[in-house]
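See below for the structure under consideration.
The values are calculated or read from the model by the stated rules, or taken from the named source; none is laboratory data. Everything numeric in this text was worked out from a predicted model, so none of it was measured. Cβ sites come from the backbone with ideal geometry, for glycine too, and all protein chains shown count toward neighbours.
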Amino acid sequence: MPASLLPSTFLPHRLRRLGPAGCTTSPAAASSAPAPLSRYDFEPLLSYLSSPSVSASLTSSSPPASVPAPERRLAASYSAVPSHEWHALLRELAASDASLPLAFALLPFLHRHRLCFPLDLLLSSLLHSLSVSGRLLPHSLLLSFPPSLTDPPSPLLLNSLLAASAAASRPAVALRLLGLLREHDFLPDLASYSHLLASLLNTKDPPDAALLERLLGDLRESRLEPDAPLFSDLISAFARAALPDAALELLASAQAIGLTPRSNAATALISALGTAGRVAEAEALFLEFFLAGEIKPRTRAYNALLKGYVRIGSLKNAEQVLDEMSQCGVAPDEATYSLLVDAYTRAGRWESARILLKEMEADGVKPSSYVFSRILAGFRDRGDWQKAFAVLREMHASGVRPDRHFYNVMIDTFGKYNCLGHAMDAFDRMREEGIEPDVVTWNTLIDAHRKGGRHDRAMELFEQMRESNCPPGTTTYNIMINLLGEQERWEGVEVMLSEMKEQGLVPNIITYTTLVDVYGRSGRYKEAIDCIEAMKADGLKPSPTMYHALVNAYAQRGLADHALNVVKAMKADGLEVSILVLNSLINAFGEDRRVVEAFSVLQFMKENGLRPDVITYTTLMKALIRVEQFDKVPVIYEEMITSGCAPDRKARAMLRSALRYMKHMRVA
């Protein structure tokens, strides 16, 4: 009887937890290592599979002409091993990086000798083990097997890959696998979509809107009826992507067939509506889902509603939320207090914010550095940068130590108001306290010096960053490209682009927009257009901001026809033409003394439902003055007021200038 089939009581030793392939285990280690309960000794097989030549033969895309006799005898000795034992062995091998190559060799061995079926179940088991441990990217796994093992792929295998990709937070890969299911005429199940949505919801960044629309369209094409959990995930995903209208439609669809989404989906939607300033709808949903329903609102639900009130500056309603939480026995958390403190700060009620901080401590919720960073950000946005020192004092009085995020906000506050000395002091103090600057710190400091015209100092800081343990990122290089472009140091721009790519960083849409802007403002239009073409070649879609930068550059030089061609290209790329772009086009025609065309742009706005703003009318008035049609300026000014636009100082100055010219001409 082969040794591999002896009963466990006669086994010379049990299968030990495997060490690295080719290594022997000492008796001491063997006695201390836990042994799986297996009736079979797989060590002869694993010893055979550990041979590099055998492994290469098994994983080769072309099978050998004949199987060696020793391999046939070895396979025959394991012919009675049941499937569950092979699955257990595979999981054991997949548990360690050292034994993973043996798992890859075992699968084709089992397939070649027909020892375990179905093979796709084995592959799925291996994929699951790897995705749970997070040690191997799932989409690369299939490349480790001969095409004959996975062609055509089974729905079980594709779904396992999809689930593993979702667990690894690789939604693009998961979406491609969903496409493969459709390409092979397999009907995706609800689990496939759930896995993909999980991968989108588990990332820090909000889901991509285009990807969500594509996923929802695919789900509708498959004619699958989502269940309550899938509806919940869809609502949460669209809400996180700042698409509350789509999320509301999904909620209505679920309720129409008697399904109630989970409370976290409703909370996400309330938060999205509040962030968009649609507080009345957020209130209605909160009342419908929580107060009028059987579900008791928790802290996160109240925080979602509170965010909406803070967003529109409704302090009274925000305070009522805190009172209602107290009446309902729902304890506020740090996020609750942070939102209210933020609201008080933005309203300029610093003393109210301080009182709330004391209440927060009295309730046993210790404020963190994040709360104080929100206070500081509120003062920054209001222009009260001097209060940064008061916030720091209050922070120390509360026994809270500033962290990196707080210092980053402080540096940004000082940099925004060109207080570069204070920004450097905060930077130095941060390092003295043992807090190492991160890429955000360096970027904020470098960009502040760029905006302040301290280009040489910005370059010095960039060099210091490179010498530190914090390598520059894509945003850093974008700042430096902007800095060098402003000085028309084009060789330096090329060096930065090359260095960026050498570091493995891929230019993003901001990189290309920055390049188009600096090239356009310097009159290097060919280079600007080349950037747009390069961007398209890289699979990126040009943004409206990029086109606006180019239109504005042409407008400054009075090159109206070129500006018009850019607008046409923008429409050809499927982008909506914004008021900003059309205002720049009016300016281009005005600089070129082509008033008729400038007014045709105004007519285009009206016909397409775009409301002209004060810049539109001011630019038209400037164009009329340029061609000495002073008598038409008051007419445009009157139209501006009639349309509901409040004239600014520049518009009033244009009117006075035109009236003076008209008076002078009458006297003459």
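Considering only region 323-337, I want to know if a residue exists there that is out of contact with any Leu (no Cβ under 9 Å at 6 or more places or on another chain), in a helix (DSSP H, G or I) and closer than 30 Å to Tyr417 by Cβ.
Yes: one or more hits.
Suppose the filter is assigned to a helix (DSSP H, G or I) and in contact with a helix residue (DSSP H, G or I) (Cβ under 7 Å, 6 or more places away or on another chain); does Val409 pass it?
Yes, satisfied.
Does region 520-533 hold any residues that are closer than 13 Å to Gln556 by Cα and not basic (Lys, Arg), and which are they?
Selection gives Gly520, Ser522, Gly523, Tyr525.
Restricting the search to region 520-558, which residues are assigned to a loop (DSSP other than H, G, I, E, B), under 21 Å from Glu591 (Cα atoms) and at pLDDT below 80?
Arg557, Gly558
In region 78-96, what residues are in contact (Cβ under 8 Å) with a residue 60 or more places away in the chain and surrounded by fewer than 17 Cβ atoms within 10 Å (Cβ to Cβ)?
Listed by number, the list holds a single entry, Ala80.
Among Arg346, Arg404, Arg393, Arg380, which is within 28 Å of the chain's Cα centre (by Cα), within 30 Å of Gly452 (Cα to Cα) and surrounded by fewer than 19 Cβ atoms within 10 Å (Cβ to Cβ)?
Of the residues listed, the single one that is within 28 Å of the chain's Cα centre (by Cα), within 30 Å of Gly452 (Cα to Cα) and surrounded by fewer than 19 Cβ atoms within 10 Å (Cβ to Cβ) is Arg404.
Going by the conditions given, is Ser96 at pLDDT 75 or above, part of a loop (DSSP other than H, G, I, E, B) and in the same structural domain as Arg39 (by TED's automatic domain parsing)?
Considered against the rule, which asks whether it is at pLDDT 75 or above, part of a loop (DSSP other than H, G, I, E, B) and in the same structural domain as Arg39 (by TED's automatic domain parsing), Ser96 comes out as no.
Which one of Asn303, Asn317 is in a helix (DSSP H, G or I), out of contact with any Pro (no Cβ under 9 Å at 6 or more places or on another chain), among the polar types (S, T, N, Q) and surrounded by 14 or more Cβ atoms within 10 Å (Cβ to Cβ)?
Selected residue: Asn317, the only one of Asn303, Asn317 that is in a helix (DSSP H, G or I), out of contact with any Pro (no Cβ under 9 Å at 6 or more places or on another chain), among the polar types (S, T, N, Q) and surrounded by 14 or more Cβ atoms within 10 Å (Cβ to Cβ).
State the number of residues belonging to region 596-628 that are loosely packed, with under 13 Cβ neighbours inside 10 Å and within 20 Å of Ala658 (Cα to Cα).
Final tally of qualifying residues: 2.
Please go through region 471-510 and pick out each residue that is over 23 Å from Asp456 (Cβ atoms) and part of a helix (DSSP H, G or I).
Thr474, Lys501, Glu502, Ile509, Ile510
Name the residues in region 260-297 that are buried (at least 16 other Cβ atoms within 10 Å of the Cβ) and part of a loop (DSSP other than H, G, I, E, B), would you?
Across region 260-297, the qualifying residues are Thr260, Pro261, Arg262, Ala276, Arg278, Pro297.
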